[in-house]
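One structure is given here, and the rest of the page talks about it.
The values are calculated or read from the model by the stated rules, or taken from the named source; none is laboratory data. Every value quoted in this text rests on a predicted model; they were computed, and no experiment measured them. Please note: Cβ atoms are built from the backbone with ideal geometry, for glycine as well, and neighbour counts cover all protein chains shown. Areas reflect the complete protein model, heavy atoms only, side chains present, ligands, DNA and RNA absent. Shrake-Rupley method; radii C 1.70, N 1.55, O 1.52, S 1.80 Å.
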Amino acid sequence: MRMRRMRRTEPLRALVRETVLTPGDLIYPLFICPGKGVRSPVGSMPGVFNLSVDEAVREAEEAARLGLGGLLLFGLPESKDEQGAGAWEENGIVQQGLRALKQSEAGKKLVLIADVCLCEYTSHGHCGVVVKAGDGPNANFEVDNDSTLDLLARTAVSQAKAGADVVAPSDMMDGRVAAIRRALDSAGFTQTPILSYASKFASAFYGPFREAADSAPQFGDRKSYQMDGANLREALREIELDIEEGADMILMKPAMPYLDVVRAARERVGVPIGAYQVSGEYSMLHAAFQKGWLDPTRAMLESLVGIRRAGADFIVTYFAKEAARLLV
Ligand code: PBG
């Protein structure tokens, strides 16, 4: 047997290629900010911007032209508070973005996914309500699970009202998928799917995102709600629980350092699976591109094919537009 026979020419290689990547598999994250005509670059993420609603609509037009699968929307509110009210206000920044996108031609060709979390909207930068636990020298601050659920559910309902096609909770509170499903159903949004970030690890690779979304925790870290990067079995339990609670699709992140988790989930569950190639994965590749250490086109596509091969049906990636340009 000579394995090289089938590798001799590009047409032969194309014929036997096992994994394909198409623009429709890719979801492009957008960071929406107040103002008009705003396109302010995110320092640690070359090519990524904070966009005012009008600029986000232009970005969506390009995304639709390129045939991308959808957009994942994050918001930078005008102001923040303890509870994160900007997340669910009727005229919140993501809600404004959703309404504008929904009215545009481009918005109808893309799946509009709204990230459901409080960290971009809270003054302390945590993903839930912060409470004081205990007294005296042992007192500390904790993110309270159950009082956060109602706020997340309100956020999801307000996003569905504003036109979200899908809501995507990324907070990692226990029971939030069930709480969001109940709230959506009783508000009449029985047809709005939930894409749950079912396995989300407490990762250093979110660093650049926290600059983009201005959402770094002001004290402590997220390890009491996001998962320990060492745990695969725990990730599978999170996924099973979210599916039981009513998740229509699951999202796993980060992608590249956790491809075994994507593969294990693929083998175990039937729901569609997405993987999020997060900000740090994008930034580290870009840093190497800038140094001339990696070939941008090849490294970018290889990273995305690897994520698909691991079992992801779709990929959230800041490379979405660049990759799609090469694929069409
Ligand atoms: C919000 C959220 C985060 C990301 C997606 N949703 C940040 C975090 O958990 O700190 C990270 C995405 C990225 O790094 O690209 N909770």
Place a +1 charge on the Cβ of each Lys and Arg in region 174-223 and a -1 charge on the Cβ of each Asp and Glu, then give the dipole magnitude about the Cα centre in debye, rounded to the nearest 20. 160
Accessible-area order for THR297, THR122, largest to smallest, probe 1.4 angstrom, reads THR297, THR122
Positive dipole terminus of region 20-327, leading residue within CYS117, VAL271, SER196 (C-beta point charges): VAL271
Charges at C-beta only: +1 for Lys and Arg, -1 for Asp and Glu. How large is the resulting dipole of region 221-328 about its Cα centre, in Debye rounded to 20? 460
Beyond a 20 Å Cα-Cα separation, which of these cross-linked pairs lie in this structure: LYS132/LYS223; LYS109/LYS253; LYS109/LYS321? LYS109/LYS253
Given a 1.4 angstrom probe, I'd like the percentage of the accessible area of the chain that is carbon and sulfur, rounded to a whole number. 51
With label points set 7 Å from each Cα along the Cα-to-Cβ direction at GLU61 and GLU240, the distance between them in nm comes to 5.0
DSSP beta bridges in region 20-327 [antiparallel fraction, %, rounded to 5]: 20
Result for region 20-327: accessible area per residue, probe 1.4 angstrom, in square angstrom, of 41
Please sort 5-14, 144-153 by packing, taking for each peptide the average over its residues of neighbouring beta carbons within 10 angstrom, highest first. 144-153, 5-14
Separation of the MET3 and ASN138 label points, Cα + 7 Å toward Cβ, nm: 5.8
For ARG325 and SER147, FRET efficiency with R0 = 56 Å and r from the beta-carbon atoms, rounded to 0.05? 0.80
Cα-based Rg then Dmax for the chain, in Å, read 19.8, 73
Hey, got the dipole for the chain? About the Cα centre, +1 on K and R Cβ, -1 on D and E Cβ, debye to the nearest 20? 1840
Gain in span if fully extended, GLU302 to ASP248, counting 0.36 nm per residue against the direct Cα distance: 16.6 nm
Would you mind checking the tilt of helix 176-186 against the longest principal axis of the Cα atoms of the chain, expressed as 0 to 90 degrees and rounded to 10? 80
For ALA202 and ARG182, calculate 0.36 nm times their separation in residues minus their Cα-Cα distance, and state this gained length in nm to one decimal. 4.5 nm
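Compare PHE141, PHE74 by solvent-accessible area with a 1.4 Å probe and give them largest first, with all protein chains kept in place.
Largest accessible area first, the residues go PHE141, PHE74.
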By how many degrees, between 0 and 90 and to the nearest 10, does the Cα long axis of helix 296-310 differ from the longest principal axis of the chain? 70
Taking the Cβ-Cβ separation of ALA287 and ALA230 as r and a Förster radius of 22 Å, what is the calculated FRET efficiency to the nearest 0.05? 0.25
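Given Cα pairs under 8 Å that are at least 6 residues apart, what percent is the relative contact order of region 247-292? Write out the running numbers ahead of the final one.
Details: 37 pairs, mean separation 21.1, N = 46.
Relative contact order, region 247-292: 46 percent.
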Using DSSP to call loops (not H, G, I, E or B), can you name the trypsin sites (Lys or Arg not before Pro) in region 249-325 whose Cβ has at most 12 other Cβ atoms within 10 angstrom? LYS291
